[in-house]
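Some notes on the structure that comes next.
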């Protein structure tokens with residue numbers, strides 16, 4: 001084989017030049033991205049986004065002979081509530097309801113009407129054409145309504161689109177009933193088993209749903225009107241450190257408790273997940289039971305039983321019986337399943353190989369969830385609750401070859417110390433993926449190039465399932481550091497809050513410390529380090545390129561270059577998020593400007609490649625244009641692509657393939673090696689041809 005000497009079937013070749021059986025097309029062609037999961041009796045429904053169909057989101061039902069598409073061509077089950085969406089579909093008694101996303105026919109509103117689809121019939125709209133979005137739907141056939149979160153862009157509250165909780169008429173013949181209003185946000189309406197009560201979440205600015213929410217419960221009349229609304233939990237902080245970011249202090253005055261996932265037991269007892277429980281000095285998301293107007297802890301684990309509510313419709317636990325719950329939880333960034341006795345709080349592990357578990361739903365004798373492992377991408381799993389045997393119903397990457405799967409290898413979980421800025425140190429976490437391809441080895445005197453992968457959010461986490469895009473690089477001879485910097489979720493409330501007021505400092509310091517940790521261990525090449533990230537991860541990549549000298553190259557996917565712009569012009573959910581992460585706007589304008597790569601482009605000392613969606617509502621395209629213009633003025637090496645029809649996160653097959661191939665080619669050009677294969681080549685300005 002080219003590039004080296006064959007010895008016992010293994011080729012010696014330079015890192016980065018290995019021939020990989022994982023092509024960029026394997027990450028897009030024939031693949032799906034799981035978005036939602038729902039049960040209707042024993043019927044299993046889910047929503048999957050398909051790059052092959054330009055990112056169309058399709059409702060699928062598990063039929064006896066395999067997956068069956070429900071959503072016809074020309075429709076897409078996707079909602080724009082909170083920009084990030086989620087909870088776009090519901091199913092009950094054979095009927096499916098979904099919020100439709102259609103850009104070509106409705107360029108202004110994207111349609112966003114709710115459609116009802118009965119078996120064998122074409123979808124029928126039940127809401128009128130208005131600038132209104134719907135999500136998190138709960139059908140109530142007894143009343144003939146659907147409880148849902150409604151977001152109106154033509155009515156403003158506190159300068160943003162107004163959200164309310166409504167009851168939609170199933171036939172579309174009556175106006176919606178307003179169930180709850182006045183809050184900035186609503187989520188997770190949940191109907192009691194007897195249909196007499198409704199529970200939901202609400203929160204107000206400047207809080208985020210993982211910082212401070214309130215649980216509310218109301219009685220319902222025969223039409224779906226709410227009476228006797230009462231608030232449970234979500235009390236303000238009794239003590240606030242005056243040294244905290246003033247925006248966080250204001251959020252804590254609203255609520256100092258992040259309540260999530262309200263759920264009724266079969267006997268009508270209300271439960272939820274709350275982070276009020278403190279274990280070993282840190283507060284964790286644990287399951288709680290509603291007792292009057294208070295919450296009582298069911299579990300007491302140094303673990304997280306939910307994840308941040310970036311997208312609506314999440315579910316991490318479900319009732320097997322009145323006294324037993326099947327729950328997914330994360331410990332040290334890795335997910336697992338357990339049976340929970342709600343009377344004693346005792347956990348019994350369910351021994352499964354899955355390290356990532358999302359959208360858990362419990363049915364009669366079975367459960368379903370999206371599960372992945374460090375050695376395999378996401379799958380739709382059916383779990384028999386008696387035998388604990390699992391069945392794979394659908395694979396996200398069904399076309400991966402055996403040769404590609406042979407390149408999958410579990411990462412090493414690492415922790416390292418980082419300067420806390422106060423004269424001490426704190427611990428940061430990451431997954432380290434070593435280069436691996438069974439067909440290749442490297443020259444003994446060479447260390448691999450490193451890619452620092454930075455997740456978005458920043459209140460999110462590195463995936464604990466196989467990311468095929470990471471294997472795309474490791475199978476070519478790259479090492480990857482997948483960071484869970486301070487501010488990530490899965491490590492308790494204190495760790496999650498470390499980044500508040502310190503965005504652009506804390507995350508950058510952790511990425512640098514993680515890379516230096518690997519350099520000191522002689523695992524990577526200090527002079528060939530790149531960084532890649534999307535959204536806030538793109539910002540941290542740009543900040544690394546601007547404020548440190550550790551990078552040789554950077555790849556920013558819809559990354560933020562001007563924090564001032566994101567403080568003034570972003571989506572509803574994140575309207576105050578930048579202020580929480582940096583400082584109060586406009587009082588902290590100097591801090592925003594000081595941490596914005598755009599205003600320090602003269603300090604950028606490594607080549608960059610920038611990918612941006614033209615329809616991004618979260619990070620507007622002008623951010624990328626202004627940065628590119630500045631780099632061009634300085635004659636800095638830069639490449640870019642602006643993709644039409646893409647928002648905040650790419651969905652279309654052609655763009656997914658092109659961006660990944662160009663990124664690899666870019667690294668090769670900058671780091672001095674030739675990647676194998678025929679790849680899309682970026683146009684690198686100000687770089688020798």
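When a footprinting reagent is the concern and you count Cβ atoms within 10 Å, what order do 354, 271 take, fewest first?
Sorted ascending by nearby Cβ count, the order is 271, 354.
Can you tell me the FRET efficiency between residue 391 and residue 129 if r is taken as the Cβ-Cβ distance and R0 is 25 Å, rounded to the nearest 0.05?
Numbers: r = 42 Å, r/R0 = 1.68.
Using R0 = 25 Å, I get an efficiency of 0.05.
Distance between Cα centroids, segment 216-251 to segment 126-204: provide it in whole Å.
Between the Cα centres of segment 216-251 and segment 126-204 lies a distance of 18 Å.
Quick check of the Kirkwood formula: for segment 408-671, what is the inverse mean of 1/r over all pairs of different Cα atoms, in Å?
18.5 Å
Residue separation times 0.36 nm, minus the C-alpha to C-alpha distance between residue 331 and residue 520: what's the value?
65.3 nm
Starting from the Kirkwood radius over alpha-carbon pairs of segment 1-140, derive D by Stokes-Einstein at 37 °C in a medium of 0.692 mPa s and give it in µm² s⁻¹.
Rounded to a whole number, D works out at 190 µm²/s.
At R0 = 22 Å, how high is the FRET efficiency between residue 293 and residue 324 if r is their beta carbon distance? Nearest 0.05 is fine.
0.25
For q = 0.26 Å⁻¹, what log10 I(q)/I(0) does segment 323-396 give under the Debye formula with an equal point scatterer on each alpha carbon and no solvent?
Ignoring solvent entirely, the Cα scatterers give -1.33.
Multiply the residue gap between residue 29 and residue 339 by 0.36 nm, knock off their C-alpha separation, and tell me the result in nm, one decimal place.
On the way: separation 310, 0.36 × 310 = 111.60 nm, distance 3.73 nm.
In short, 107.9 nm is gained.
Taking N as the number of residues in segment 198-350, what is its Cα Rg relative to 2.2 N^0.38 Å?
Output field value: 1.06.
Enter the Cα centre distance for the pair segment 350-385 and segment 537-616, rounded to the nearest angstrom.
Here the answer is 36 Å between Cα centres.
Rounded to the nearest Å, what's the spacing between the alpha carbon centres of segment 621-675 and segment 315-334? Just the number, please.
Distance between centres, Cα-based: 40 Å.
Between residue 589 and residue 420, take the C-beta separation as r, use R0 = 22 Å, and let me know the FRET efficiency to the nearest 0.05.
E(calc), rounded to 0.05, equals 0.25.
Pairing the Cα long axis of helix 653-671 with the longest principal axis of the chain, what angle in degrees results, from 0 to 90 and rounded to the nearest 10?
30 degrees
Once you keep just the Cα pairs under 8 angstrom separated by 6 or more residues, what percentage relative contact order results for the chain?
Details: 1759 pairs, mean separation 76.6, N = 689.
Value for the chain: 11 percent.
Report, as a whole number in µm² per second, the diffusion coefficient that Stokes-Einstein gives for segment 108-237 at 37 °C and 0.692 mPa s using the Kirkwood radius over alpha carbon pairs.
Working: Rh = 15.5 Å.
Approximately 212 µm²/s, per Stokes-Einstein.
Modelling each spin label as a point 7 Å along the Cα-to-Cβ direction, I'd like the residue 278/residue 249 distance in nm, to one decimal.
2.0 nm
Using only the alpha-carbon atoms, how far is helix 506-520 inclined from the longest principal axis of the chain? Give it as 0 to 90 degrees, nearest 10.
Roughly 40 degrees between the two axes.
Please report 610, 560, 177 as a ranked list, fewest other C-beta atoms within 10 angstrom at the top and most at the bottom.
177, 610, 560
How large are Rg and Dmax for segment 168-241 when only the alpha carbon atoms are used, in Å?
Here Rg and the maximum Cα pair distance are 14.5, 53 Å.
Taking the 0 to 90 degree range and rounding to the nearest ten, how far is the long axis of helix 536-547 tilted relative to the main principal axis of the chain, both from C-alpha atoms?
Here the helix axis deviates by roughly 30 degrees.
Could you check the simple spin-label distance between residue 406 and residue 683, using points 7 Å along Cα→Cβ, in nm with one decimal?
4.1 nm
Sketch the reach of a paramagnetic label on residue 122 as a point 7 Å from Cα along Cα-to-Cβ, and name the residues of segment 51-92 whose backbone nitrogen lies under 17 Å away.
Under 17 Å, as judged by backbone N against the label point of residue 122, lie 70-76 of segment 51-92.
Among 407, 606, what is the fewest-to-most ranking by other Cβ atoms within 10 Å?
606, 407
Let a ≥ b ≥ c be the square roots of the eigenvalues of the Cα gyration tensor of segment 532-579; is it rounded (a/c under 1.5), or, if not, prolate (a/b larger than b/c) or oblate?
prolate
Can you classify segment 345-504 as rounded, prolate or oblate using the Cα gyration tensor, where a ≥ b ≥ c are the square roots of its eigenvalues, rounded means a/c under 1.5, and otherwise it's prolate if a/b beats b/c and oblate if not?
Because a/c hits 1.5 or more and a/b fails to exceed b/c, segment 345-504 counts as oblate.
Under the 0.36 nm per residue contour assumption, what length would be gained going from the current alpha-carbon distance of residue 441 and residue 142 to full extension?
This chain segment gains 101.2 nm when fully extended.
For residue 352 paired with residue 196, estimate the spin-label separation in nm (one decimal), with each label point 7 Å from Cα along the Cα-to-Cβ line.
Each label point lies 7 Å from its Cα, and together they span 3.5 nm.
Just so you know, all these numbers are worked out from the coordinates, no wet-lab data involved. What you see is a predicted model, and the numbers here were worked out from it, not measured in a lab. Heads up, the Cβs are rebuilt from the backbone with ideal geometry, glycines too, and the neighbour counts pull from every protein chain shown.
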